[in-house]
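In what follows, a single structure is set out as structure tokens and then discussed.
The values are calculated or read from the model by the stated rules, or taken from the named source; none is laboratory data. All values derive from a computational prediction rather than experimental measurement. Note: ideal-geometry Cβ built from the backbone for every residue, glycine included; neighbour counts use all protein chains shown.
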Amino acid sequence: MPPGPNRHFQTLNDDAFRQHVANRAEALILARTGNRQEAMIAFDVNGQEVLSKLGRAAEIPFTREEIRLLTRNAYLVVHNHDDDTPPSEEDLIFLAGVGAQELVAFGGTIRCRLRREPGWPPTHQLLTAFHRVDRLVARSLYHDLQTGRYSGDPYLWPDRSSHVWDRFQREFPEWFTLIRVER
């Protein structure tokens, strides 16, 4: 319904409304999947659903037409990670490719909101920097493992992902904001 003279028309530019829409999407995704397979729901700037899709255990394949639809319309994309990890490299590529303003990746206990900032670079520059940070973090964690200061596996994404995103955000705060919260 279009806004009337006494109605306020909300958009996803309003953070409270965006969070409300994301929370609803998370509940729908969990109800549909039990967090055993990935799913996503994309919304336009007005909070209207653009596309909803169920995937496999660790991926959601898209057709070219779906990518075109998302590129034209997606403002917010919400999807789940069954392993509670922050956005993956594939999520970053997806966000850069479709041009959405925010991607929410959530699991059973954590929610990560990856928001584009005005300084968001061209995709090649973004991914080159991400890969460099990822390699540096893996090397650093491997060294820490050898000296007994780290107990995870520096080559497994679930073990190093938070370290990668922390460093990436410290080095490039003008590109994006990553907000991690408990669910």
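Tabulated data for the structure shown
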| quantity | calculated |
| --- | --- |
| Cross-chain or 6+ apart pairs with Cβ under 9 Å, region 140-157 first and among the β-branched types (V, I, T), then assigned to a loop (DSSP other than H, G, I, E, B) and exposed (fewer than 10 other Cβ atoms within 10 Å of the Cβ) | none |
| Condition broken by I60, with the remaining ones in (1) hydrophobic (A, V, I, L, M, F, W, C); (2) closer than 21 Å to R180 by Cβ; (3) part of a loop (DSSP other than H, G, I, E, B) satisfied | (2) |
| Among residues of region 157-183, those that are closer than 18 Å to L141 by Cα, of a type in the set (A, V, I, L, M) and surrounded by fewer than 18 Cβ atoms within 10 Å (Cβ to Cβ), counted | 0 |
| When residues of region 126-159 are limited to those that are among the aliphatic types (A, V, I, L, M) and touching a Pro at 6+ places or on another chain (Cβ under 9 Å), the one farthest from P87 (Cα to Cα) | L145 |
| Single match in L54, L95 (criterion: without any contact (Cβ under 8 Å) to a residue 24 or more places away in the chain, in contact with an Asp or Glu (Cβ under 9 Å, 6 or more places away or on another chain) and under 22 Å from D14 (Cβ atoms)) | L95 |
| Residue among P118, P154 that alone is of a type outside the set (A, V, I, L, M, F, W, C) and modelled with pLDDT of 95 or more | P154 |
